[in-house]
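Please treat every number below as a calculation from the coordinates, not as lab data. These figures come from a predicted structure and were not determined experimentally. Quick reminder, even Gly has a Cβ in these numbers, built from the backbone with ideal geometry, and neighbours come from all protein chains shown.
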Amino acid sequence: MHFHATCTYNPVPMGIRAVYPGSFDPVTNGHIDIIQRSAALFDEVVVAILRNTDKTPLFTVEERTVMLENAIRDLKNVSITSFAGLLVDFAERIGASVLVRGIRAISDYEYELQMALMNRRLSNKVETVFMLPAESYSYLSSRLVKEIALLGGSIHGLVPADVETKLCSKFGTK
Ligand code: PNS
């Protein structure tokens, strides 16, 4: 079947840089799935770890950076960094026009909608794009992974191998 366009499409002059922000404490296979999908959709993806937070993280920003870097080694258009302050300010500063957020279940939506609309109010230069991870990761979260590791359960297949090792050694579990 032939497709007849009624107008011509010129190449997009500039690529789209997307930011994928989060705590990543630690990165899970669900995060990696979203990074891979974003990397296929956008020209460049900047994974940005939040530095200033009320939550006390399990891993330092440096530890989280190393784990993320190991996970994205094969993706040429993805980089890892950290940021403090407002997300929209950071996105504007690095010339990113898209904020990527992963939505697992409808329960995530309310909080994500609130944040996306607030970010839209704060800046008209960035657009939030919600992405869905594979269904097999729809129940996965960093918080649950930490809890299971702390209590000695298996987190195999939920996080990359190096993250599994680091979690077990943090908690002294196998
Ligand atoms: O992985 P998380 O913890 O759900 O990520 C939350 C994050 C980092 C996206 C959010 O807390 C954030 O953007 N913080 C930066 C401060 C900010 O911009 N706050 C206003 C959000 S409307």
> What percentage of all Cα-Cα pairs in the range 54-111 are separated by more than 13 Å?
Replying inline: 75
> Rg and Dmax of the range 9-103 over Cα atoms: what are they, in angstrom?
Replying inline: 13.4, 49
> Quick one: longest stretch of the chain between exposed loop chymotrypsin sites (Phe, Trp or Tyr not before Pro), exposed meaning at most 14 other C-beta atoms within 10 Å and loop per DSSP?
Replying inline: 10-138
> Given the range 84-174 reduced to its alpha-carbon atoms as identical point scatterers, what log10 I(q)/I(0) does the Debye formula return at q = 0.19, 0.25 Å⁻¹?
Replying inline: -0.91, -1.10
> Considering only DSSP states other than H, G, I, E and B, which trypsin sites (Lys or Arg not before Pro) in the range 96-148 qualify as loop sites with at most 14 other Cβ atoms within 10 Å?
Replying inline: 125
>> How large is log10 of I(q)/I(0) for the chain at q = 0.09, 0.12, 0.19 Å⁻¹ when the intensity is taken from the Debye formula with one equal scatterer per alpha-carbon?
In response: -0.35, -0.59, -1.33
>> Show me, for the range 128-134, the HN-Hα J-couplings you get by feeding each phi into the Karplus relation (A = 6.51, B = -1.76, C = 1.60, θ = phi - 60°), rounded to Hz, glycine and proline as x.
In response: 7, 10, 8, 10, 9, x, 4
> What number, rounded to the nearest 500 deg cm²/dmol, is the helix-based mean residue ellipticity at 222 nm of the chain, given -39500 (n - 2.57) per DSSP H run of at least four residues and division by all its residues?
Replying inline: -12000 deg cm²/dmol
> Quick one: helix 61-71 against the long Cα principal axis of the chain, what's the angle to the nearest 10°, folded into 0 to 90?
Replying inline: 70
> Using a basic spin-label model with each label point 7 Å from the Cα along Cα→Cβ, how many nm lie between residue 105 and residue 117?
Replying inline: 2.3
> Pick from 107, 154, 138: which residue has the top mean-square fluctuation in a GNM of the chain where Cα pairs under 10 Å get a spring?
Replying inline: 107
> What residue among 94, 106, 34 shows peak mean-square fluctuation when the chain is described by a Gaussian network model with Cα springs under 10 Å?
Replying inline: 106
>> Using only Cα atoms and rounding to the nearest 10 degrees, what angle (0 to 90) does helix 161-171 make with the longest principal axis of the chain?
In response: 40
